[in-house]
Each structure stands twice: as structure tokens, then as C-alpha cells.
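What follows is one structure encoded as C-alpha cells, with my remarks underneath.
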Amino acid sequence: MTNPILVFAETQDSKLKKSAIEVISEAKRQSDNLKAEVVAMLIGSGVEPLAKDAASYGAAKVIIIDGPDFKSYTTGAYTQALMAAVEKTKPQAIILSATSNGKDLAGSVAAELKTTAAQDCISLTYDNAFVARKPVYAGKAIITVKIAKQPAVITLRPKVFPASAPDASKSVSTEKLPVALSADSKRVTVKETVAAAKGKVSLTEADIIVSGGRGMKGPENFKILEELAGVVSAAVGASRAAVDSGWRTHDDQVGQTGKTVCPTLYVACGISGAIQHLAGMSSSKYIVAINKDPEAPIFKVANYGVVGDLFEVVPALCKELKK
């Protein structure tokens with residue numbers, strides 16, 4: 001048995017995030033080839049009951065760091081916690097999801113280990129070392145990187161790696177790991193967390209996203225997209241232009257300086273298709289563009305394009321879908 005693969009299993013609202021399930025599932029696929037164990041790590045407050053869920057997706061062992069100091073994510077606290085697990089398990093790889101927290105934590109841990117973090121990977125294989133493919137230059141090119149130094153630190157793009165079917169019969173070995181935070185790790189604390197609207201679908205985990213850009217003409221017109229999203233159980237996103245205009249919050253921004261998404265269906269309404277935006281959504285499985293400018297760059301990446309006024313097309317589409 002070779003050294004284990006350590007997975008940071010991110011949680012939200014007392015559940016494993018979908019992206020965490022994908023990471024555990026991919027780690028298990030890799031471990032089967034390497035004859036290695038998957039060790040999942042749960043960090044937070046009240047996360048111990050989730051150990052069984054982690055096991056059902058392939059974790060052979062779960063390390064739990066649970067306490068009030070870890071209720072909210074901070075770089076210092078979670079880095080110290082993850083480093084404690086690294087010291088305990090001596091893993092050959094540390095795999096995280098490429099969420100905002102996951103990418104931040106991966107960079108910090110890689111710096112502590114004096115190694116490289118391969119971020120936002122879209123494929124992972126093993127050839128005497130882990131080999132990952134990842135987009136660069138705002139998604140215009142894909143590079144292949146071989147991570148020679150152990151432990152390899154890797155983040156996987158959400159919704160690219162399939163989640164395994166859960167097996168509730170799987171048993172799991174758990175270990176609570178006490179971590180006393182250093183003064184340095186406590187320099188930053190979270191005073192308040194403002195939750196998104198209840199029932200709102202997360203952009204990074206949504207199967208369908210409906211996004212609006214400058215062509216929406218104002219914040220009041222996003223109600224058209226909200227209605228369409230409600231019909232198809234989609235998340236609502238926005239381009240940087242819409243966010244910079246104050247029409248939507250930054251949490252809704254899709255693009256290089258916003259969120260990178262990979263839904264099954266992405267509907268772009270009134271979005272011209274600037275390279276910054278394409279970097280965040282071009283890996284969507286299907287892209288539908290609605291724009292009255294037939295020369296808009298968005299049509300170059302779209303699977304389906306509608307040249308027309310979104311204020312006529314979207315309500316008509318919504319009406320048909322309701323039928």
C-alpha cells in the first residue's frame with residue numbers, strides 16, 4: 001500500500017458540497033490504480049456526522065478537525081488544520097475542489113510545503129507522478145503539467161469530474177485530530193456571514209445557469225431572467241459589465257475575475273462575449289446565446305444562437321417552457 005491521497009472535503013450548511021463529493025470520487029478512482037487509501041478531511045464546527053457520507057463516496061478514513069475556531073473559513077486556521085493532517089498522513093497528493101476556498105487553501109498549503117499547486121484542473125492521470133490538464137490564458141489554451149514533487153497539491157474544477165454513486169454500506173475509520181491554533185493563525189477572524197437568499201442555487205454547482213450582461217439595460221430587467229431561472233431550476237449569473245454597473249452583486253459574476261462555472265446548460269442573454277467572460281463559462285457543456293448583434297463574439301462559442309431582442313425572446317421562451 002502506497003502513501004494515501006488526502007482530500008479536503010468542503011462543507012456547507014451541514015452537508016458535503018457537491019464539489020467535495022466529486023473530489024472524493026475522483027480521488028477514489030485514482031487510488032484504485034495506485035493501491036492507495038483515500039483519507040478525507042473534514043474541517044468545521046459540527047462536521048463529525050458527515051464522516052459517513054464521505055465514506056459512502058470512497059473515503060477509507062476520515063480525519064475530523066471540529067471546533068468553534070473552524071466554524072467559518074479563514075486561510076490561517078484551515079491551513080494549520082490541513083498541515084496537521086498532512087503531518088499525520090504523509091500523503092502523496094492533496095486534492096481539493098477549485099472553489100474560492102479550495103484554491104486559496106491549496107496555494108497556502110503548497111507554500112508551506114514548498115511545492116507547486118496545480119489549480120483548476122480538468123483531467124487527472126498518473127504516470128510515475130500525477131499529470132493534470134488545466135486551462136490557461138483565459139481558457140484559450142490547455143496545458144499539461146506533471147507534478148514531480150510530493151505531495152502534489154491539486155484542485156479540480158467543479159462539475160468536470162463525475163461523482164460516484166454513494167454506497168451507504170461502506171464502513172469508515174474516523175480520527176479526531178486536535179489542533180490548537182497559533183496566534184498567527186488567529187490574526188483573521190470572521191465576524192459575520194451574510195447568507196444568500198434562501199433557496200438560491202449556487203453558480204458553481206448549478207446544472208443550468210441563465211446569465212445577463214450589459215444588454216439587460218438595467219437591474220430591474222433581471223426579473224425576466226429570474227422568472228426563466230425559476231421555471232428551469234437554474235441559477236442566475238451576470239457578466240462583469242452588469243456587476244460593475246451595480247445591477248448584480250459580485251457573487252453573481254461569471255468570468256475571469258468572478259466565478260468559473262461548468263454547467264450542463266449556460267444561457268447568455270445580452271452578453272457580447274468578452275474574453276474575460278468566456279474564461280469563466282466556455283467549458284459549459286451546451287451554450288445558448290441570445291443577442292441582437294449577429295457579430296457578437298459569444299456566438300463563436302455557442303452551440304445554439306438566437307439573433308434577436310432578448311426582451312422578446314426570453315419571455316417567449318419562458319412561456320413555452322411553462323407549457
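At-a-glance table
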quantity: Folded to 0 to 90 degrees: helix 222-232 orientation relative to the chain principal axis, Cα; calculated: 60
quantity: On Cα atoms only, tilt of 100-113 relative to the major axis of the chain in degrees; calculated: 40
quantity: Ranked by how many other beta carbons lie within 10 Å on average, peptides 299-312, 105-118 from highest; calculated: 105-118, 299-312
quantity: Degrees between helix 18-34 axis and first principal axis of the chain (Cα, 0 to 90, nearest 10); calculated: 50
quantity: Protection proxy ranking of 52-60, 26-34, 314-322, 279-287 - average other beta-carbon atoms within 10 Å, highest first; calculated: 52-60, 279-287, 26-34, 314-322
quantity: Label point distance in nm, Ala148-Lys223, each placed 7 Å from Cα along Cα→Cβ; calculated: 6.1
quantity: Contact order relative to length of the range 46-199, as percent, for alpha carbon pairs under 8 angstrom and 6 or more apart; calculated: 34
quantity: The range 2-176 - Rg (one decimal) and Dmax (whole number), Cα, Å; calculated: 14.8, 44
quantity: Residues Arg240, Arg214 arranged by fewest to most Cβ contacts within 10 Å; calculated: Arg214, Arg240
quantity: Structure-based [θ]222 nm, the chain - -39500 (n - 2.57) summed over DSSP H runs of at least 4, per residue, nearest 500; calculated: -8000 deg cm²/dmol
quantity: Relative exposure of Ile154, Ile224, judged by other C-beta atoms within 10 Å (fewest first); calculated: Ile224, Ile154
quantity: Dipole moment magnitude, nearest 20 debye, the range 2-176 about Cα centre, only Lys, Arg, Asp, Glu C-beta charged; calculated: 460
quantity: For peptides 40-47, 183-190, sequence by mean Cβ density within 10 Å, most packed first; calculated: 40-47, 183-190
quantity: Fraction of alpha-carbon pairs over 12 Å apart in the range 217-256 - percent; calculated: 56
quantity: Cα centre as origin, Lys/Arg/Asp/Glu Cβ charges: the chain dipole, Debye; calculated: 360
quantity: GNM flexibility winner over the chain from Glu22, Glu87, Glu192 (Cα, springs under 10 Å); calculated: Glu192
quantity: Under 11 Å, Cβ to Cβ, from Thr89 - net charge with Lys/Arg +1 and Asp/Glu -1; calculated: 0
quantity: Quarter of Cα convex hull surface for the chain, i.e. mean projection, nm²; calculated: 17.5
quantity: The range 53-118: projected area of the alpha-carbon convex hull, averaged over directions, in nm²; calculated: 5.0
quantity: DSSP bridge pairs, the chain: antiparallel proportion in percent, nearest 5; calculated: 20
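Each reported figure results from applying straightforward, stated rules to the coordinates on display, with no laboratory input. Small disclaimer: the values here were computed from a predicted structure and weren't measured. Note: ideal-geometry Cβ built from the backbone for every residue, glycine included; neighbour counts use all protein chains shown.
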